[in-house]
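Participant: This is the structure, below, for whatever I ask next.
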Amino acid sequence: MLTLDVTHSYPGFQLRVQQALPSSGITALFGRSGSGKSTLLRVIAGLDAGAKGRVAWQNEVWQDSNHFTPPHKRGLGFVFQDTRLFPHLTVAQNLAYADTRAKGLPGPSLDAIIAALDLDPLMSRRPTTLSGGEASRAAIGRALLTRPRMLLMDEPLAALDEARKAEILPYLERLRDQIGTPMLYVSHNMAEVARLATHLMLIDAGRITHHGPIEALLSDPSIAHTLGVREAGSILCATLTAQDDDGLSQLTTSAGPLWLPQVTAPIGSRIRVRLLAQDVILSRSAPTGLSALNILPATVTDVRTGDGPGALVQLRAGDDLILARITRRSATALGLAVGTRCFAILKSVSVARGNIGTTPSNPPATL
């Protein structure tokens, strides 16, 4: 486990973090621009030597008041927004450079990384001939071949368009589930975070304000305004059970069936679905005569109202938590309170393809 008790100041800003990070899975560090995400990564990596305090990996102290371990001796991999591949080397040579330097260290093999990131077709090419997504995959592969204790990723997809992001996200899911190297993933894109992360840390003005398992945190109505009400939502875990002839995929959740536009995955796959709170409609009675296919029975567990006209309602549907954003008037008219039984209604088409991912096969044991 990585433990932090650090401060770092420069004009107009102070980072102050006391935190322990899980030693497995993907921990997402989420916050608006200027909140301190990249600064914290640089402190962990030892790239900002002016930071004060203590950084330790398990029982190995990397820095405190008496000691400072330089970046190259911390055993960390770092993936920047720009890939920083060696332009004069092919992809194979870039990978071999890292693989040779890490010879003898425990970690994934060269063949395993090539397979997980589908790099074999790229091996003879130089970085200038790669697309953005291809270059990102090669850079991630090179970082992993240093056999790092943890991989630090500073908005690695920020420079990619949505099509290239959609291309690379499945590879990151595969790394999470197959390679096992813990990752600290910085992003201000909640769709990426909800799809990839097992653990979430929210940072604001240099402070960690909330942290915990991502399913619990995203469905917490008390932090919706921290995320932004349009980003507020929840994650449902489901199993892909059938591919219907009309192009819909049937999934089974702990609360009942769910139909989505075709999900490309083997039958039996564990699927993670992000539901935006604004796309959930509530009814006190079982609705009939609707075009909506997805209707899940639920029980209200929390109702939050603010100064505006909106209300956030947290519901338990089977083993999952769902967040709905409705008007305060509707919440009052429906008589919603803790313990109220109701039905959550979701249109199949409202779940964007980018909000569908695989469920982590090995969530962090520390959570």
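Participant: Please report the projected area of the chain's Cα convex hull averaged over all directions, in nm².
Facilitator: Orientation-averaged projected area of the Cα hull: 20.5 nm².
Participant: Take the alpha-carbon centre of the range 111-157, take the same for the range 65-91, and report the distance between them in whole Å.
Facilitator: Here the two parts' Cα centres lie 14 Å apart.
Participant: I would also like to ask the following. Could you tell me which of Phe80, Leu260, Leu290 has its Cα farthest along the dipole of the chain towards the positive end, charges placed at Cβ (Lys, Arg +1; Asp, Glu -1), taken about the Cα centre?
Facilitator: The listed residue farthest towards the positive side: Phe80.
Participant: Rounded to the nearest 0.05, what FRET efficiency do Arg328 and Thr301 have when you use their Cβ-Cβ distance and R0 = 25 Å?
Facilitator: After rounding to 0.05, the efficiency reads 0.90.
Participant: Label point 7 Å out from Thr239 along Cα-to-Cβ: which residues of the range 315-329 have amide N under 16 Å?
Facilitator: The answer is 318-320.
Participant: In which sequence would Thr27, Thr129 go, from the one with the fewest C-beta neighbours within 10 Å to the one with the most?
Facilitator: Ordered from fewest to most neighbouring Cβ atoms within 10 Å, Thr27, Thr129 come out as Thr129, Thr27.
Participant: Oh, and also: Using label points projected 7 Å from each Cα along Cα→Cβ, tell me how many nm separate Asp246 and Asp64, to one decimal.
Facilitator: It works out to 6.5 nm between the two label points.
Participant: Still on this structure: Per 10 Å bin, what percent of the C-alpha pairs of the range 255-296 does each bin hold, from zero upward?
Facilitator: Using 10 Å bins, I get a P(r) of 18, 53, 24, 5 for the range 255-296.
Participant: If you stretched the chain out fully between Lys73 and Arg126, how much longer would it get, using 0.36 nm times the residue separation minus the C-alpha to C-alpha distance?
Facilitator: Computed gain between Lys73 and Arg126 is 16.2 nm.
Participant: How large is the helix-only mean residue ellipticity at 222 nm for the chain, computed as the sum of -39500 (n - 2.57) over DSSP H runs with n ≥ 4, divided by its residue count, in deg cm²/dmol to the nearest 500?
Facilitator: -5500 deg cm²/dmol
Participant: For Asp319 and Ile179, FRET efficiency with R0 = 35 Å and r from the beta-carbon atoms, rounded to 0.05?
Facilitator: Efficiency for this residue pair is about 0.80.
Participant: Give me the dipole magnitude in Debye, nearest 20, for the range 2-218 about the Cα centre, with unit charges on the beta carbon: positive for Lys and Arg, negative for Asp and Glu.
Facilitator: 540
Participant: Report, to two decimal places, the Cα Rg of the range 233-358 normalised by 2.2 N^0.38 Å (N = number of residues).
Facilitator: That works out to 1.06 for the range 233-358.
Participant: With 27 Å as the limit, write out which pairs from Lys103/Lys165; Lys37/Lys165; Lys165/Lys347 have Cα-Cα distances beyond it, or answer none.
Facilitator: Listed pairs above 27 Å: Lys103/Lys165.
Participant: Would you tally the net charge around Gly132, using a Cβ to Cβ cut-off of less than 11 Å, leaving Gly132 out, and scoring K and R as +1, D and E as -1?
Facilitator: -1
Participant: Tell me the net charge near Pro87. Cut-off is 12 Å between Cβ atoms, Pro87 excluded, with +1 for each Lys or Arg and -1 for each Asp or Glu.
Facilitator: Counting the neighbours of Pro87, the net charge comes to +2.
Participant: So, one more: If you rank Thr327, Thr146 by fewest surrounding Cβ atoms within 10 Å, what's the result?
Facilitator: Thr327, Thr146
Participant: With only Lys, Arg, Asp and Glu charged, each at its Cβ (+1 for the first two, -1 for the last two), find how big the charge dipole of the range 233-358 is about the Cα centre; round to the nearest 20 debye.
Facilitator: The dipole magnitude comes to about 360 debye.
Participant: When you count, for each residue, the other Cβ atoms within 10 Å and take the mean per peptide, how do 37-49, 62-74 rank with the highest first?
Facilitator: 37-49, 62-74
None of the figures in this text is laboratory data; all of them are computed from the coordinates on show. Worth saying up front: this structure is predicted, and the values here are computed from it rather than measured. For neighbour counting, all protein chains shown are included, and Cβ atoms are generated from backbone atoms with ideal geometry for every residue, glycine included.
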